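Read the figures in this text as sums done on the coordinates, not as results from a lab. Source: prediction; values computed, not measured. Note that we place each Cβ from the backbone using ideal geometry, even for glycine, and neighbour counts take in every protein chain shown.
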Amino acid sequence: MIYDEITKTYPVSLPEEEPARQYAFMDILKAELADRMQRENRMFTMHVETFGCQMNAKDSEKLAGILSYIGYVPTDSEDADIVVYNTCTVRENANTRVYGRIGYLGRLKKSHPGMRIVLCGCMMQEEHVIEKIKKSYPFIDVIFGTHNIYMLAELLYRREQSTKCVIDVRKEADRIVEDLPSLQKYGFKAGVNIMYGCNNFCTYCIVPYVRGRERSRNPIDIVRETEMLTKNGVREVMLLGQNVNSYGKNLEPGMSFAELIREVSKVDGLQRIRFMTPHPKDLSDELIEEIAVNPKICKHVHLPLQSGSSRLLKLMNRHYTKKSFLALVDKIRERIPEVAITTDIIIGFPGETEEDFEDTLDVVRKARFMSAFTFIYSKRSGTPAAEMDGQVSEEICSERMKRLLDTVGEVASKEAERYTGRTETVLCEEYREDTGCVTGRLDNNLLVHFPGEKTLLGEMVSVKLSECKGFYYIGEQSSDL
Ligand code: 5AD
Ligand code: SF4
C-alpha cells in the first residue's frame, strides 16, 4: 500500500464495518455540500469520465452513485465542481489521452479554484504514473487505483482535511465491498460484476498487474443485484469479468460460470443476459450447452483470438492453437447455429512475421467473425512481451492493420447479410431527434436503425431487417414475429 500525505483527522465514532463506514463519510460530505449549496445558492456538478473497458464503465457508475448520494448533479461539461477520470492503461495511447486531458483540466481549474480533480483506475496502479503526476500535475486532489474505488467519499473527506493531494493506491484488494449506491448510465441495461482481476498473464497484457488476482463475487450477491436492477426497469444485464470461465474457482463451495448464468436467468422480468469476456482456452461444453438451451442468454460469444499464429499464441501465453481455436468455433456453431462470434485481434506482437499475420487472416475468414476489435500491439513496461525481440515497425503495423480491416469488413458483412429479411426482437437503446430513428440491438449484438418514437427507449420490439449495411441494418418496426 502506498499511503501518502494523508491527515489522521477522522470524525469520532466512525463505524468500522463497510459499507457503513463509507456511508458515514458520504453523510458528512452530503451535509457539508447542502450547506454550501445554500450559501452559494446553486447546484454543484460532477463529471465522471470513463476511459477503457466495460469494467471501468461499471466502476464509473459506482463512483457517480457515491457523488450523486452526496448531492452532486451530473453534467457533460468538464468545467464541473468535481471531475473524476477513471483511467485505462491497456495500451499506451490510452495513457497519452489521459495526460492530454489532465493538462486541460489544470487550465480549467485556474478559473475555477474550488474544483476537485480525482484520478483513479488502472493507470494509477503504475508507480511511474504517480511519479509523473506528482511532478507535473500538482493540482490533482485525490488519486486512487482499482482496488478501493468504494472509498471515494472517505478520500474526498481526507482531502478536505488536508492541503495536499491524497494518494491511496493499493497493491491488492483486501475485500469486495457491496451495497454502495450506483448511478446507471442506462435505465434498461446494466453491467454486473461477477469477478475481478485476472490470473492469466498473457505476455502482452498489463491487466493482471493493475487489477490483481481473480476474485469471484458471491452468487447470492450477483443474483440479488440482478433482481434489484430488474425491479428498477433493467431488461438486459451484461455479466462482467476479465475471464468469466474462471468464475467460482475461489468460492467455497465452487460454482461454474454456466451454473451462475443459469441462476441469474431465473430472475423474473430479466429478458436478456450477455457476458464478457470468456477465454477460449477454457470455454466449457457446459457453457455452450447453457447458451444453446437458455432463451435468455444472447446468442453472441465474444471470443478473443489475439492472433491466428500458433507460434505467436504460445509466445502470448494463450494456451490454445490456431487449430484448437477453430475447432472450438466449429463446436459452438454446431450446437448454436444462430450464434454470432466476435473477437479481439492484436497485430504487431513482437516477432510477428508475414506468415504469422497470414494465419490471423486465415482464422478471420474461417471463423467468420461478425465483428472484431483490432489493436496494434502496444508495449507495456513490466510485461514479458516488452522485453521480447523483434518489435514490429509502425509502417508494417499500419499496412497489416489495413489488410486486417479489409478482411474483417468482408467477412463480417457476409455474416451480417444472413439475417436480411428476418424479423427479430431488439432492445431499443437510442433515439435521434434529427433523424427520427431509434437504434435497437439484436440478440446477436448487431444494431438496427428504424423510424420510431422516443417512447420506445428501453422497450423490446419486433423489427424487420430490411437492408444490411455491413455492420448494421436499416429496418422497420413490425407487429409480427
Ligand atoms: N497491446 C494491444 N492490445 C492489447 N490488448 C491487451 N493488451 C494489449 C496490448 N499491450 C487488447 C487485447 C484484449 C483487449 C481488451 O485489448 O486484444 O483482448
Ligand atoms: Fe489480459 Fe489475458 Fe487477462 Fe485478458 S485474459 S485481461 S488479455 S491477461
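For every residue, the table says whether it meets (1) within 19 Å of L155 (Cβ to Cβ); (2) in contact with a helix residue (DSSP H, G or I) (Cβ under 6 Å, 6 or more places away or on another chain); (3) surrounded by 21 or more Cβ atoms within 10 Å (Cβ to Cβ).
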residue: A34; (1), (2), (3): no, no, no
residue: R39; (1), (2), (3): no, no, no
residue: V48; (1), (2), (3): yes, yes, yes
residue: D59; (1), (2), (3): yes, yes, yes
residue: Y69; (1), (2), (3): yes, yes, no
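When segment 378-427 is filtered for residues that are within 14 Å of ligand 1 (Cβ to nearest atom), in contact (Cβ under 8 Å) with a residue 24 or more places away in the chain and not polar (S, T, N, Q), the ones remaining, listed by number, are K379, R380, G382, P384, A385, M388, V392, C397, R400, M401, L404, V408. Among the residues of segment 292-314, the ones that are assigned to a helix (DSSP H, G or I) and surrounded by fewer than 22 Cβ atoms within 10 Å (Cβ to Cβ) come to 5 in all. The set of residues in segment 203-233 that are within 8 Å of ligand 2 (Cβ to nearest atom), part of a loop (DSSP other than H, G, I, E, B) and touching a helix residue (DSSP H, G or I) at 6+ places or on another chain (Cβ under 8 Å) comprises Y204, I206.
For the subset of segment 315-327 comprising residues that are more than 16 Å from ligand 1 (Cβ to nearest atom) and either under 17 Å from M370 (Cβ atoms) or of a type in the set (A, V, I, L, M, F, W, C) (or both), which member is surrounded by the fewest Cβ atoms within 10 Å (Cβ to Cβ)? Lay out the reasoning, then the answer.
Within segment 315-327, the subset more than 16 Å from ligand 1 (Cβ to nearest atom) is 321-324, 326-327.
Filter once more, keeping what is either under 17 Å from M370 (Cβ atoms) or of a type in the set (A, V, I, L, M, F, W, C) (or both): 326-327.
Values: L326: 17, A327: 12.
Only one residue tops the list, namely A327.
Report, by residue number, each residue of segment 385-402 that is assigned to a helix (DSSP H, G or I) and in contact with a Phe, Trp or Tyr (Cβ under 8 Å, 6 or more places away or on another chain).
Here is the first cut: in segment 385-402, the ones assigned to a helix (DSSP H, G or I) are 385-387, 394-402.
Selection gives A385, C397, R400.
Among the residues making up segment 440-475, those that are among the small types (G, A, S) and either part of a strand (DSSP E or B) or touching a Ser or Thr at 6+ places or on another chain (Cβ under 9 Å) (or both) are G440, S462, S466, G470, G475.
Residue-wise test of (1) hydrophobic (A, V, I, L, M, F, W, C); (2) surrounded by fewer than 18 Cβ atoms within 10 Å (Cβ to Cβ); (3) farther than 25 Å from Y186 by Cα; (4) touching a Lys or Arg at 6+ places or on another chain (Cβ under 9 Å).
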position	(1), (2), (3), (4)
G52	no, no, no, no
V90	yes, no, yes, yes
G121	no, no, no, no
Q125	no, no, yes, yes
S136	no, yes, yes, no
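Each row is one residue, and each column tells you yes or no for (1) within 16 Å of ligand 2 (Cβ to nearest atom); (2) more than 26 Å from E424 (Cα to Cα); (3) in contact (Cβ under 8 Å) with a residue 40 or more places away in the chain; (4) part of a helix (DSSP H, G or I).
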{"site": "V237", "(1), (2), (3), (4)": "no, no, yes, no"}
{"site": "G248", "(1), (2), (3), (4)": "no, yes, no, no"}
{"site": "I273", "(1), (2), (3), (4)": "no, no, no, no"}
{"site": "I332", "(1), (2), (3), (4)": "no, no, yes, yes"}
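With the structure loaded, tell me whether S246 is buried (at least 21 other Cβ atoms within 10 Å of the Cβ), farther than 28 Å from P74 by Cβ and more than 16 Å from ligand 1 (Cβ to nearest atom) or whether it fails that test.
Numbers: buried (at least 21 other Cβ atoms within 10 Å of the Cβ): yes; farther than 28 Å from P74 by Cβ: yes; more than 16 Å from ligand 1 (Cβ to nearest atom): no.
When the stated conditions are applied, S246 does not pass them.
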